[in-house]
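Derivation of every value follows stated rules applied to the coordinates shown; laboratory data play no part. The model shown is predicted, which means the values in this text are computed figures rather than measured ones. So basically every Cβ, Gly included, is an ideal-geometry build from the backbone, and we count neighbours across all protein chains shown.
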Amino acid sequence: MKLATVICGALAGVLVGGTGWMLHAQSVQSADVRGIDALTKKDIAACMREDVDTLCSLWTDDGVLLMPGMAPLVGRQAICRMLEEQKAQSKGVTTTGYTEDWEEVRIVGDYAWQWGKMSETQADAAGKEQTMRVNAIRILHREKDGSWKVARAVVTPAEK
């Protein structure tokens, strides 16, 4: 009987006084969602400008990128080298479109994960466009300043 009273008392406390905690949790979650949206917007804008410095700044120091047919890129420096090499190889090519469509975002503490599709359309010097699509999953980390960065990412070719 005493255990039931304790459980009911605890439940009543949550039901009566718990809404403040729930509202606080919702506001924290809303701030996190806004922060993750800001990361996505920075990523899209940097891709459109082919701004490797900004793209590099969106990764944690220990970030890992997994792509088909390549060894894992471990650490921000390795990821940045690959981005610089890609930029050098694409001279004369312009990014004309870039999208990130995240189907799901889950936040747990200082980490979040999202999965969805990304696509990039590029035009060569003659104006011929080509679109590349990938499926992606990203694990994000909330930094001490509240901003979010990419900690891990996996991309695979998507259907056309």
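Which FRET efficiency value, to the nearest 0.05, is calculated for Asp110 and Gln86 with the Förster distance at 30 angstrom and r the Cβ-Cβ distance?
0.50
Rank these for me by crowding, Trp148, Trp102, Trp115, going from fewest to most other beta carbons within 10 Å.
On the way: Trp148 26, Trp102 17, Trp115 14.
The order, fewest Cβ neighbours first, is Trp115, Trp102, Trp148.
In order along the range 67-73, the phi-based Karplus estimate (6.51 cos²θ - 1.76 cosθ + 1.60, θ = phi - 60°) of 3J(HN,Hα) comes to 9, x, x, 10, 5, x, 9 Hz; Gly and Pro are listed as x. Applying 1/(1 + (r/R0)^6) with R0 = 30 Å to the Cβ-Cβ distance of Ala71 and Arg49 gives a FRET efficiency near 0.60. A cut-off of 5 Å between modelled amide H atoms, ignoring neighbours fewer than 5 places along the same chain, links Thr96 with Thr121, Gln122, Ala123.
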